[in-house]
Amino acid sequence: MRYEELTIEGRNAVLEAFRSGRPVDRVFLQDGCKDGPIQSIAREARKHDTMIRFVARERLDQMSETGKHQGVIAYAAAYQYAEIDDMLKAAEEKGEPPFLILLDGIEDPHNLGAIIRTANLAGAHGVVIPKQRAVGLTATVARTSAGAINYTSVAKVTNLSQTIEDLKKRGLWFVCADMGGEQMYRLNLKGPIGLVIGNEGSGVSRLVREKCDMIAQIPMRGDIDSLNASVAAGVLAYEIVRQRME
(Lines give C-alpha, C1' and ligand atoms only; values in the text may rest on other atoms or scores of the structure.)
Protein backbone atom coordinates (compact mmCIF):
# COMPACT_ATOMS: atom_id res chain seq x y z
CA MET A 1 0.00 0.00 0.00
CA ARG A 2 1.28 3.47 -0.90
CA TYR A 3 0.88 5.63 2.14
CA GLU A 4 -0.07 8.67 0.05
CA GLU A 5 -3.38 6.94 -0.65
CA LEU A 6 -4.35 7.45 2.98
CA THR A 7 -5.25 11.09 2.29
CA ILE A 8 -8.56 11.26 0.43
CA GLU A 9 -9.59 14.56 -1.14
CA GLY A 10 -12.74 15.69 -2.91
CA ARG A 11 -16.43 15.25 -2.16
CA ASN A 12 -17.16 12.15 -4.25
CA ALA A 13 -13.96 10.38 -3.20
CA VAL A 14 -14.59 10.92 0.51
CA LEU A 15 -18.29 9.97 0.23
CA GLU A 16 -17.39 6.77 -1.63
CA ALA A 17 -14.75 5.92 1.00
CA PHE A 18 -17.46 5.98 3.67
CA ARG A 19 -20.00 4.08 1.57
CA SER A 20 -17.49 1.37 0.66
CA GLY A 21 -16.85 0.69 4.33
CA ARG A 22 -13.24 1.88 4.31
CA PRO A 23 -12.24 2.99 7.83
CA VAL A 24 -11.88 6.78 7.99
CA ASP A 25 -10.19 8.27 11.06
CA ARG A 26 -10.86 11.99 10.57
CA VAL A 27 -12.63 14.24 8.12
CA PHE A 28 -11.87 17.94 7.70
CA LEU A 29 -14.73 20.06 6.35
CA GLN A 30 -14.64 23.67 5.21
CA ASP A 31 -16.17 25.81 7.93
CA GLY A 32 -19.36 27.52 6.83
CA CYS A 33 -19.91 25.27 3.81
CA LYS A 34 -23.37 23.73 4.16
CA ASP A 35 -24.32 22.47 0.71
CA GLY A 36 -25.79 19.03 0.02
CA PRO A 37 -22.62 16.95 -0.57
CA ILE A 38 -20.89 18.39 2.51
CA GLN A 39 -23.97 17.63 4.64
CA SER A 40 -24.01 14.06 3.26
CA ILE A 41 -20.35 13.60 4.21
CA ALA A 42 -21.00 14.95 7.72
CA ARG A 43 -23.91 12.50 8.11
CA GLU A 44 -21.77 9.56 6.98
CA ALA A 45 -18.98 10.62 9.34
CA ARG A 46 -21.34 10.75 12.33
CA LYS A 47 -22.83 7.39 11.36
CA HIS A 48 -19.36 5.84 11.41
CA ASP A 49 -18.19 7.66 14.58
CA THR A 50 -15.54 9.47 12.57
CA MET A 51 -14.00 12.60 14.10
CA ILE A 52 -15.16 15.75 12.25
CA ARG A 53 -13.20 18.98 12.27
CA PHE A 54 -14.41 22.22 10.70
CA VAL A 55 -11.50 24.31 9.45
CA ALA A 56 -10.93 27.39 7.32
CA ARG A 57 -10.48 26.97 3.56
CA GLU A 58 -6.90 28.25 3.95
CA ARG A 59 -6.14 25.30 6.26
CA LEU A 60 -7.54 22.84 3.70
CA ASP A 61 -5.44 24.50 1.00
CA GLN A 62 -2.33 23.91 3.15
CA MET A 63 -3.27 20.27 3.78
CA SER A 64 -4.19 19.48 0.19
CA GLU A 65 -1.82 17.46 -1.99
CA THR A 66 -3.94 17.78 -5.14
CA GLY A 67 -5.20 21.35 -4.86
CA LYS A 68 -8.71 20.00 -5.57
CA HIS A 69 -10.12 19.26 -2.12
CA GLN A 70 -13.59 20.81 -2.81
CA GLY A 71 -13.89 21.70 0.86
CA VAL A 72 -13.22 18.20 2.25
CA ILE A 73 -10.17 16.12 3.13
CA ALA A 74 -10.31 12.76 4.93
CA TYR A 75 -7.64 10.64 6.56
CA ALA A 76 -8.33 6.94 6.11
CA ALA A 77 -6.88 4.13 8.21
CA ALA A 78 -3.75 2.52 6.85
CA TYR A 79 -5.09 -0.90 7.72
CA GLN A 80 -8.44 -2.45 8.54
CA TYR A 81 -9.43 -2.35 12.20
CA ALA A 82 -10.13 -5.65 13.94
CA GLU A 83 -12.77 -6.69 16.47
CA ILE A 84 -11.89 -7.58 20.06
CA ASP A 85 -13.60 -10.93 19.52
CA ASP A 86 -10.98 -11.67 16.86
CA MET A 87 -8.23 -11.07 19.41
CA LEU A 88 -9.80 -13.35 22.00
CA LYS A 89 -10.31 -16.03 19.35
CA ALA A 90 -6.64 -15.76 18.34
CA ALA A 91 -5.59 -16.30 21.96
CA GLU A 92 -7.88 -19.32 22.22
CA GLU A 93 -6.52 -20.83 19.02
CA LYS A 94 -2.97 -20.49 20.35
CA GLY A 95 -3.97 -22.02 23.68
CA GLU A 96 -2.85 -18.87 25.52
CA PRO A 97 -4.61 -16.67 28.10
CA PRO A 98 -5.62 -13.40 26.38
CA PHE A 99 -3.14 -10.52 26.58
CA LEU A 100 -4.42 -7.17 25.30
CA ILE A 101 -2.86 -3.71 25.41
CA LEU A 102 -5.38 -0.87 25.81
CA LEU A 103 -4.35 2.72 25.13
CA ASP A 104 -6.13 5.56 26.90
CA GLY A 105 -5.70 8.52 24.56
CA ILE A 106 -2.29 8.04 22.92
CA GLU A 107 -1.94 11.03 20.56
CA ASP A 108 1.57 10.64 19.13
CA PRO A 109 1.62 8.33 16.07
CA HIS A 110 5.23 7.37 16.82
CA ASN A 111 4.16 6.11 20.26
CA LEU A 112 1.28 4.11 18.83
CA GLY A 113 3.52 2.57 16.18
CA ALA A 114 6.16 1.65 18.75
CA ILE A 115 3.53 0.11 21.06
CA ILE A 116 2.12 -2.00 18.21
CA ARG A 117 5.67 -3.22 17.52
CA THR A 118 6.18 -4.08 21.21
CA ALA A 119 2.77 -5.77 21.35
CA ASN A 120 3.75 -8.04 18.50
CA LEU A 121 7.12 -9.00 19.96
CA ALA A 122 5.67 -9.53 23.46
CA GLY A 123 3.02 -11.89 22.12
CA ALA A 124 0.02 -9.65 22.85
CA HIS A 125 -3.09 -10.70 20.97
CA GLY A 126 -4.12 -7.16 20.09
CA VAL A 127 -4.11 -3.43 20.79
CA VAL A 128 -7.28 -1.48 21.65
CA ILE A 129 -7.58 2.27 21.04
CA PRO A 130 -10.45 4.74 21.58
CA LYS A 131 -12.26 6.39 18.67
CA GLN A 132 -12.03 9.90 20.10
CA ARG A 133 -9.08 12.05 21.22
CA ALA A 134 -6.48 9.54 20.06
CA VAL A 135 -4.40 8.82 17.00
CA GLY A 136 -5.60 6.14 14.57
CA LEU A 137 -3.76 3.91 12.11
CA THR A 138 -2.00 6.58 10.09
CA ALA A 139 0.91 6.18 7.70
CA THR A 140 3.34 7.33 10.43
CA VAL A 141 1.98 4.66 12.78
CA ALA A 142 2.42 2.03 10.08
CA ARG A 143 5.99 3.07 9.39
CA THR A 144 6.96 3.26 13.08
CA SER A 145 5.55 -0.20 13.75
CA ALA A 146 8.22 -1.60 11.41
CA GLY A 147 5.80 -4.04 9.82
CA ALA A 148 4.16 -5.22 13.06
CA ILE A 149 0.89 -3.59 11.99
CA ASN A 150 0.55 -6.38 9.42
CA TYR A 151 0.46 -9.02 12.16
CA THR A 152 -0.98 -7.32 15.25
CA SER A 153 -4.72 -6.64 15.39
CA VAL A 154 -5.87 -3.14 16.38
CA ALA A 155 -9.45 -2.52 17.50
CA LYS A 156 -11.14 0.85 17.89
CA VAL A 157 -13.81 1.26 20.59
CA THR A 158 -16.23 4.04 21.48
CA ASN A 159 -15.86 3.77 25.25
CA LEU A 160 -12.70 2.34 26.82
CA SER A 161 -14.20 2.10 30.34
CA GLN A 162 -17.17 0.11 29.05
CA THR A 163 -14.85 -2.12 27.03
CA ILE A 164 -12.90 -2.92 30.20
CA GLU A 165 -16.15 -3.74 32.01
CA ASP A 166 -17.22 -6.06 29.18
CA LEU A 167 -13.86 -7.82 29.10
CA LYS A 168 -13.88 -8.31 32.88
CA LYS A 169 -17.04 -10.35 32.42
CA ARG A 170 -15.06 -12.53 30.01
CA GLY A 171 -12.38 -13.24 32.58
CA LEU A 172 -9.72 -10.58 32.00
CA TRP A 173 -7.94 -8.69 34.78
CA PHE A 174 -6.67 -5.18 34.16
CA VAL A 175 -3.49 -3.41 35.19
CA CYS A 176 -2.64 0.21 34.42
CA ALA A 177 0.61 2.10 34.66
CA ASP A 178 0.60 4.89 37.24
CA MET A 179 3.17 6.41 39.60
CA GLY A 180 0.84 5.97 42.57
CA GLY A 181 0.59 2.19 42.26
CA GLU A 182 2.28 -0.92 43.63
CA GLN A 183 5.77 -1.73 42.35
CA MET A 184 5.19 -3.89 39.26
CA TYR A 185 7.45 -6.74 40.45
CA ARG A 186 5.12 -7.35 43.41
CA LEU A 187 2.02 -7.83 41.26
CA ASN A 188 0.67 -11.08 39.88
CA LEU A 189 0.35 -10.35 36.15
CA LYS A 190 -0.30 -13.91 34.99
CA GLY A 191 -3.47 -15.19 33.37
CA PRO A 192 -5.90 -13.30 31.08
CA ILE A 193 -4.80 -9.67 31.28
CA GLY A 194 -5.28 -6.24 29.81
CA LEU A 195 -2.45 -3.72 30.13
CA VAL A 196 -3.65 -0.10 30.12
CA ILE A 197 -1.28 2.70 29.09
CA GLY A 198 -2.34 6.34 29.45
CA ASN A 199 -1.97 9.56 27.52
CA GLU A 200 1.52 10.99 27.04
CA GLY A 201 0.80 14.02 29.23
CA SER A 202 -2.06 13.24 31.60
CA GLY A 203 -1.63 9.48 31.98
CA VAL A 204 -4.55 7.12 32.54
CA SER A 205 -7.85 8.95 33.01
CA ARG A 206 -9.60 8.66 36.36
CA LEU A 207 -12.59 6.73 34.98
CA VAL A 208 -10.37 4.16 33.30
CA ARG A 209 -8.02 3.87 36.28
CA GLU A 210 -10.97 3.14 38.59
CA LYS A 211 -11.95 0.21 36.36
CA CYS A 212 -8.50 -1.40 36.67
CA ASP A 213 -7.88 -4.20 39.19
CA MET A 214 -4.21 -3.32 39.71
CA ILE A 215 -2.08 -0.21 39.39
CA ALA A 216 1.56 -0.83 38.53
CA GLN A 217 4.41 1.50 39.35
CA ILE A 218 7.57 1.18 37.28
CA PRO A 219 10.58 1.70 39.59
CA MET A 220 12.68 4.69 38.55
CA ARG A 221 16.14 5.71 39.69
CA GLY A 222 16.80 8.84 37.64
CA ASP A 223 16.15 12.54 37.99
CA ILE A 224 12.98 12.86 35.91
CA ASP A 225 9.64 11.43 36.94
CA SER A 226 8.18 9.58 33.96
CA LEU A 227 8.92 7.34 31.00
CA ASN A 228 7.78 7.82 27.44
CA ALA A 229 4.39 6.07 26.97
CA SER A 230 5.74 3.52 24.49
CA VAL A 231 8.72 2.70 26.74
CA ALA A 232 6.40 2.24 29.74
CA ALA A 233 4.27 -0.09 27.64
CA GLY A 234 7.38 -2.09 26.73
CA VAL A 235 8.62 -2.37 30.32
CA LEU A 236 5.26 -3.60 31.63
CA ALA A 237 4.56 -5.85 28.64
CA TYR A 238 7.84 -7.66 29.23
CA GLU A 239 7.14 -8.06 32.94
CA ILE A 240 3.97 -9.86 31.82
CA VAL A 241 6.08 -11.94 29.42
CA ARG A 242 8.57 -12.76 32.22
CA GLN A 243 5.82 -13.92 34.57
CA ARG A 244 4.21 -16.01 31.84
CA MET A 245 7.53 -17.78 31.22
CA GLU A 246 7.91 -18.82 34.85
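Its alpha carbons considered, the stretch 107-204 gives a radius of gyration followed by a Dmax of 13.7, 38 Å.
Within the stretch 139-235, DSSP assigns beta bridges of which about 10% are antiparallel (rounded to the nearest 5). Short to long, the 10 Å bins of the Cα pair-distance histogram for the stretch 199-246 hold 20, 51, 27, 2 percent of all pairs. The distance from the alpha carbon centre of the stretch 122-194 to that of the stretch 46-79 is 28 Å, rounded to a whole number. The calculated Kirkwood hydrodynamic radius for the stretch 48-184 is 16.6 Å, given to one decimal from all distinct C-alpha pairs. Calculate I(q)/I(0) for the stretch 149-190 by the Debye formula, one identical point scatterer on each C-alpha and no solvent, and give its log10 at q = 0.16, 0.23, 0.26, 0.32 Å⁻¹ to two decimals. One equal scatterer on each Cα of the stretch 149-190 leads to -0.65, -0.98, -1.00, -1.05. Mean separation of Cα pairs under 8 Å and 6 or more residues apart, divided by the residue count, gives the chain a relative contact order of 18 percent. Using a ≥ b ≥ c from the Cα gyration tensor of the stretch 131-172 (square roots of the eigenvalues), is it rounded, prolate or oblate, where a/c under 1.5 gives rounded and otherwise the larger of a/b and b/c decides, a/b for prolate? Note, shape of the stretch 131-172 comes out oblate. Think of each Lys and Arg Cβ as +1 and each Asp and Glu Cβ as -1; about the Cα centre, that makes the dipole of the stretch 137-242 roughly 340 debye.
The packing ranking, built from the mean of other Cβ atoms within 10 Å per residue, places the peptides 70-76, 26-32 in the order 70-76, 26-32, highest first. Of all beta bridges that DSSP places with both ends in the stretch 1-158, some 40 percent have antiparallel geometry. Ordering 21, 100, 55 by the projection of their Cα atoms onto the charge dipole of the stretch 12-100, which places +1 on the Cβ of Lys and Arg and -1 on the Cβ of Asp and Glu, puts 55 at the extreme positive end.
Across the chain, the fraction of Cα-Cα pairs farther apart than 35 Å, rounded to a whole number, is 20%. Amide H contacts of residue 173: 193, 194, each under 5 Å away and 5 or more positions distant or on a separate chain (H built 1.01 Å from N in the peptide plane; Pro and chain starts excluded). Here the sum of -39500 (n - 2.57) over DSSP H runs of 4 or more residues, divided by the residues of the chain, equals -10500 deg cm²/dmol at 222 nm, to the nearest 500. A simple spin-label model places the labels of residue 62 and residue 16 3.0 nm from each other, with each point 7 Å out along Cα-to-Cβ.
Computed packing ranks the peptides 46-52, 107-113 as 107-113, 46-52, most packed first, by mean other Cβ atoms within 10 Å.
When +1 charges are put on Lys and Arg Cβ atoms and -1 charges on Asp and Glu Cβ atoms, the dipole computed for the chain relative to its Cα centre reaches about 360 debye. Taking every Cα-Cα distance in the stretch 65-138 and sorting them into 10 Å bins starting at zero, the pair-distance distribution P(r) comes out as 17, 42, 26, 10, 4, 0 percent.
So what's Rg/Rh here for the stretch 1-80, counting alpha carbon atoms and using the Kirkwood radius for Rh? We get a ratio of 0.93 for the stretch 1-80.
Taking a sphere under 12 Å around the Cβ of residue 166 and counting the other residues whose Cβ falls inside, with K and R at +1 and D and E at -1, yields a net charge of +2. Excluding ligands, DNA and RNA, the accessible surface per residue across the chain is 51 Å² with a 1.4 Å probe. The Kirkwood hydrodynamic radius of the stretch 147-246, based on inverse pair distances between different Cα atoms, is 14.4 Å. The protection proxy used here, the mean number of other Cβ atoms lying within 10 Å of each residue, ranks peptides 6-16, 214-224 as follows, highest first: 6-16, 214-224.
The values are calculated or read from the model by the stated rules, or taken from the named source; none is laboratory data. Note that the structure is predicted; figures quoted are calculated from it, not measured. Quick reminder, even Gly has a Cβ in these numbers, built from the backbone with ideal geometry, and neighbours come from all protein chains shown. These area figures cover heavy atoms from the full protein model, side chains too; ligands, DNA and RNA do not enter into them. Shrake-Rupley method; radii C 1.70, N 1.55, O 1.52, S 1.80 Å.
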